[in-house]
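Student: Below you will find the structure I want to go over with you.
The values are calculated or read from the model by the stated rules, or taken from the named source; none is laboratory data. Quantities reported herein were computed from a predicted structural model and do not represent experimental measurements. Positions of Cβ are backbone-derived with ideal geometry, glycine not excepted, and every protein chain shown enters the neighbour counts. All accessible areas refer to the heavy atoms of the entire protein, side chains included, with ligands and DNA or RNA removed. Shrake-Rupley method; radii C 1.70, N 1.55, O 1.52, S 1.80 Å.
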Amino acid sequence: MKTIIEPFRIKTTEPIKIISKEERIKALKEAHENVFLLDAEDCCIDLLTDSGTGAMSTRQWAAMMLGDESYAGSKSWKHFEKTVQHITGIKHILPTHQGRAAEAILAQTLIRKGHVIPNNSHFDTTRANIEYVGGIAANLLCDEGTDTADESPFKGNMDIEKLEACIAEHGKEKIPFAMITVTNNTGGGQPVSMANIKAVKAVLNKHNIPLVIDACRFAENAYFIHEREKGYMGKSLLDIAQEMFSYADGATMSCKKDGLANIGGFLICNNDSWAEEFRNLLIIREGFPTYGGLAGRDLEAIAVGLMEALEYDYQVYRQATVRYLSERLIDLGVPIVKPAGGHAVFLDARKMLDHIPDLQYPGIGVVNALYIEGGVRGVELGSVMFGSFDENGREQASPLELVRLAFPRRVYTQSHFDYLVEVIREVWKNRASIPGYSITYQTRFLRHFTCHFEKV
Ligand code: F0G
């Protein structure tokens, strides 16, 4: 088999600092045992997120120099609008500074108290934006999606029966729109099949409920459809993306993912009256509708990046890096979510640290051990990020206790991943000595960003 190489060469470098284990222990202590509170320069391989952390191409940097910084109707806006319309076929395009700003506008214009918003799995900011306005975020993921060992090809699919039951239970009047997240970040970066998007749309159509796609990783999803779904092998990723969006009435997007940019997002829709309401709020919160919180140069970089994310060779290389890491971890016997997701490898912390109960956060145990062992920063996607409280205020564990090692786009090379395998191997070997954690300080929303931990 031929080695799949990075389809680019490196033109600019950024030094990485490697501090000692003692320094890392001290830094983590000062960060209240929460890796979100570390200084980034103290993390030698930073896999906290694939969001906004990618390397831009020469074409993107060149496009930035063409940035038209006119307040209204700039050339860069036209480039951005035309590109988003080309990929999505959707009429109204509203730029935002990132994905959650699009979610906030969507939630604050369309959701009232008691409304229910179905999704395969809501991302944390989506859920927070819905709950902030009194809505209920319903996760209707297919059963395979919560079984980390199940190797089904489309574990991000929504469960159609659960969707029908949700509509029957709450009634369409309580459901202003439904969402589907491609790929399903919180469930392991798993893709959604075209057949599932179509089936979701068919059910929603019966009840006149619009569909909004959370499109952050639409190009990775298109790649998985190309590789895994019958009938798509000969198509371009652009064709596949266009078909995906043809079933949508709108979308929210974080261009920090498949926009291959460091900042940016958009909110799009076909409905004229939605667009008017969105624009009213956009002007107050983000900016004039032709820049929406972004500089002209950002709009340019995104317009180029969105098309680059749909280049087949780029996706082949990206998915090869994910596979490279996941296959090595499987060989070592480390429990991970299978098959590997699109933007990350997810360690199954519940299975790794079976001596730690869910509410002592095994994911935090693994994240902190990875940092101390090798300066690698990952993120917990488990009971800290997704836990909830029942009506008696008792904390409920998350269905999954995962640790995500997200891959910044076009940033790390194979030797970084070899080092990472060595770090994980040590953590796995010494897993019996990893402690559980308790929370000593937390906020009401999105507590994982700022909470403080203490070893149990
Ligand atoms: N939806 C999904 C599926 C996401 O993964 C994210 C961000 C957002 C919405 C919000 O976008 O950050 O631009 O406001 N995910 C990042 C992550 C933060 O690390 O997975 P944003």
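Student: Scan the helices (runs of 4 or more DSSP H) fully inside the range 190-260 and keep the ones with 2 or more residues being among the hydroxyl-bearing types (S, T, Y).
Tutor: Numbers: elements: 194-206, 218-228, 237-246.
Helices (runs of 4 or more DSSP H) meeting the threshold: none at all.
Student: Looking only at the range 50-68, filter to residues that are touching a Leu at 6+ places or on another chain (Cβ under 9 Å) and closer than 12 Å to A295 by Cα; which one of those is surrounded by the most Cβ atoms within 10 Å (Cβ to Cβ)?
Tutor: G67
Student: To continue, here is another question. Of the residues L47, L38, only one is open to solvent by less than 40 Å² (accessible area, probe 1.4 Å), within 16 Å of the ligand (Cβ to nearest atom), in contact (Cβ under 8 Å) with a residue 24 or more places away in the chain and in contact with a Gly (Cβ under 6 Å, 6 or more places away or on another chain); which? Please lay out each step first, then the result.
Tutor: Numbers: L38 fails: in contact with a Gly (Cβ under 6 Å, 6 or more places away or on another chain).
Criteria check complete, one pass: L47.
Student: For the range 303-326, check the following and say yes or no: at least one residue is touching a helix residue (DSSP H, G or I) at 6+ places or on another chain (Cβ under 7 Å), under 24 Å from D124 (Cα atoms) and open to solvent by 10 Å² or more (accessible area, probe 1.4 Å).
Tutor: Scanning the range 303-326 turns up no residue that is touching a helix residue (DSSP H, G or I) at 6+ places or on another chain (Cβ under 7 Å), under 24 Å from D124 (Cα atoms) and open to solvent by 10 Å² or more (accessible area, probe 1.4 Å).
Student: Do you know which of the residues in the range 111-155 that are more than 15 Å from the ligand (Cβ to nearest atom), of a type in the set (A, V, I, L, M, F, W, C) and in contact (Cβ under 8 Å) with a residue 60 or more places away in the chain is farthest from S388 (Cα to Cα)?
Tutor: Top of the filtered list is F154.
Student: Collect the residues in the range 263-288 that are surrounded by fewer than 23 Cβ atoms within 10 Å (Cβ to Cβ) and touching a Lys or Arg at 6+ places or on another chain (Cβ under 7 Å), keeping them in residue-number order.
Tutor: Correct list: I263, N270.
Student: Within the range 201-217, count every residue that is within 16 Å of the ligand (Cβ to nearest atom) and in contact with a Leu (Cβ under 9 Å, 6 or more places away or on another chain). Walk me through how you get there before you give the answer.
Tutor: Let us first name the residues in the range 201-217 that are within 16 Å of the ligand (Cβ to nearest atom), namely 211-217.
Adding the requirement that they be in contact with a Leu (Cβ under 9 Å, 6 or more places away or on another chain) leaves 211-212.
The number of residues fulfilling the criteria is 2.
Student: Mind listing whichever residues of the range 219-244 are within 16 Å of the ligand (Cβ to nearest atom), out of contact with any Leu (no Cβ under 8 Å at 6 or more places or on another chain) and of a type in the set (A, V, I, L, M, F, W, C)?
Tutor: Answer for the range 219-244, where residues must be within 16 Å of the ligand (Cβ to nearest atom), out of contact with any Leu (no Cβ under 8 Å at 6 or more places or on another chain) and of a type in the set (A, V, I, L, M, F, W, C): F224, M244.
Student: Of all the residues that make up the range 168-192, how many are away from the ligand (no atom under 16 Å from the Cβ) and either outside the structural domain of L238 (by TED's automatic domain parsing) or open to solvent by 10 Å² or more (accessible area, probe 1.4 Å) (or both)?
Tutor: Quick first cut of the range 168-192, residues away from the ligand (no atom under 16 Å from the Cβ) only: 168-176.
Cutting the leftovers down to either outside the structural domain of L238 (by TED's automatic domain parsing) or open to solvent by 10 Å² or more (accessible area, probe 1.4 Å) (or both) gives us 168-174, 176.
Here the count works out to 8.
Student: How about the range 119-149: which of its residues are under 21 Å from E401 (Cβ atoms), open to solvent by 40 Å² or more (accessible area, probe 1.4 Å) and not aliphatic (A, V, I, L, M)?
Tutor: F123, R127, N139, D143, E144, T146, D147
Student: Output the residues belonging to the range 69-110 that are away from the ligand (no atom under 16 Å from the Cβ), open to solvent by less than 30 Å² (accessible area, probe 1.4 Å) and not in a helix (DSSP H, G or I).
Tutor: S74, I90, H92, I93
Student: What is the one condition in (1) away from the ligand (no atom under 14 Å from the Cβ); (2) within 18 Å of the chain's Cα centre (by Cα); (3) surrounded by 21 or more Cβ atoms within 10 Å (Cβ to Cβ) that I356 does not satisfy?
Tutor: With (1) away from the ligand (no atom under 14 Å from the Cβ); (2) within 18 Å of the chain's Cα centre (by Cα); (3) surrounded by 21 or more Cβ atoms within 10 Å (Cβ to Cβ) applied to I356, the lone miss is (2).
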